[in-house]
Amino acid sequence: MSAIQKIINPVSAEETDMTAEFINGLAYPDFVGFINQWNVLPGSHVTLSKWINFADITSDSRLMQFACTTGFQSREIAMRTGCTAKAFDLSPYAIWAANYNVKNYAPSAKVEYFCADGHTYDSDEKFTHVAIGAGLKFFKDPQHTLKRCISFLEDGGYFLASPFYLSEELPDELVKKAQTVFGITPTTEGYKEIMSMYQDLEILYEDRNDLIPETEEELKNYCEATIKRACDIHGISNEELYETMYNRLYRVKEMSNLLRPYQRYSTLVLRYRECVYPNRYVELF
Ligand SMILES: C[S@@+](CC[C@H](N)C(=O)[O-])C[C@H]1O[C@@H](n2cnc3c(N)ncnc32)[C@H](O)[C@@H]1O
């Protein structure tokens, strides 16, 4: 077994020489995968319900999820609609967790997870839907990645996103703090700037939503549930490792919470049609 396989497989912490340094040294997406955080898109289940409804996802649909983390979007949509899905992520830890989740929480879902780089991954297969949530921001060139996502769509297919945008300027110190926690720059653009990315596609459904910060009680409850499960999965009984994982997740959640008063997000269902793309013949409202 390779070092990564040894660590992410549910074997005892002692066997893998797991340490607090190892946990703190993981890159943010690997940490999310390692603890199997259900790191969801803005709006969570509610956004998925809107997508299913307004993008007509049925058992005949074929969905591709870009940068799937621990698999929430593809797993839930495949389970709820009976569609088939494929999903990939750069992090082997995330893909390990996505496979764990589908097996344990949605065994009937027809979804395949694999490791791939969204900058280079290619497929001859075309999909009826491509979903990314707020994931475009995790790519070096989001506009280029969006073009790649569109290239996976069949004519008349839907692109599903839920991007953040700023409702007021984010103080520099918060931008810097978020960079250290997430390893990327959080959204610093306003509504029009974010929406301009999608100008080549038709907007079939859009809404704009506030984010309500979570209470300390809610944060603790979430972190406790997630880290207790991670300890069970990895066979960790050591108090120091529990605390290390809990504290890191709490810092991540606290950071997201600090950003919330400055952010809003849109739920988007965008259509790609060869006869229209990349023109916009419909006014904006
Ligand atoms: C934190 S998640 C997105 C958050 C949330 N799932 C959402 O939809 O809003 C970002 C994911 O993008 C993945 N990622 C970053 N660069 C990537 C790439 N080049 N190819 C594939 N996945 C990538 C990371 O591994 C991480 O799991």
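The values are calculated or read from the model by the stated rules, or taken from the named source; none is laboratory data. Only a predicted model underlies this, so the values are computations on that prediction, with no experimental measurement involved. We place every Cβ from the backbone using ideal geometry, glycine too, and count neighbours over all the protein chains shown.
Data overview
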{"item": "Test: residue in the stretch 172-184 that is more than 15 Å from the chain's Cα centre (by Cα), farther than 21 Å from residue 42 by Cβ and buried (at least 22 other Cβ atoms within 10 Å of the Cβ)", "result": "no"}
{"item": "Leading residue by the ranking (surrounded by the most Cβ atoms within 10 Å (Cβ to Cβ)) among those in the stretch 120-139 that are in a strand (DSSP E or B) and within 9 Å of the ligand (Cβ to nearest atom)", "result": "131"}
{"item": "Filter result (farther than 26 Å from residue 150 by Cβ, among the β-branched types (Val, Ile, Thr) and without any contact (Cβ under 8 Å) to a residue 40 or more places away in the chain) within the stretch 164-203", "result": "175, 180"}
{"item": "Residue match in the stretch 83-105 (condition: of a type in the set (Phe, Trp, Tyr) and over 17 Å from the mean Cα position of the chain (by Cα))", "result": "yes"}
{"item": "Close pairs (6 angstrom Cβ cut-off, 6 or more residues apart or separate chains): more than 11 Å from residue 57 (Cα to Cα) in the stretch 79-92, of a type in the set (Phe, Trp, Tyr) and modelled with pLDDT of 95 or more anywhere", "result": "87/113; 88/114"}
{"item": "Criterion violated by residue 240 - all others in (1) in a helix (DSSP H, G or I); (2) in contact with a Leu (Cβ under 9 Å, 6 or more places away or on another chain) satisfied", "result": "(2)"}
{"item": "Counted residues, the stretch 223-282 - those being of a type in the set (Gly, Ala, Ser) and within 20 Å of residue 166 (Cβ to Cβ)", "result": "2"}
{"item": "Residue list for the stretch 62-106, filter: part of a loop (DSSP other than H, G, I, E, B) and either touching a Cys at 6+ places or on another chain (Cβ under 9 Å) or farther than 21 Å from residue 138 by Cα (or both)", "result": "66, 82, 83, 90, 91, 106"}
{"item": "Residues of the stretch 140-163 classified as of a type outside the set (A, V, I, L, M), farther than 21 Å from residue 120 by Cβ and either within 11 Å of the ligand (Cβ to nearest atom) or without any contact (Cβ under 8 Å) to a residue 40 or more places away in the chain (or both), total", "result": "3"}
{"item": "Meets criteria (surrounded by fewer than 17 Cβ atoms within 10 Å (Cβ to Cβ) and more than 29 Å from residue 210 (Cβ to Cβ)) for residue 86", "result": "no"}
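Let's see how each residue does on (1) within 15 Å of the ligand (Cβ to nearest atom); (2) at pLDDT 95 or above; (3) part of a loop (DSSP other than H, G, I, E, B); (4) in contact with a helix residue (DSSP H, G or I) (Cβ under 6 Å, 6 or more places away or on another chain):
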| site | (1), (2), (3), (4) |
| --- | --- |
| 33 | yes, yes, no, yes |
| 42 | yes, yes, yes, no |
| 53 | no, yes, no, no |
| 60 | no, yes, yes, no |
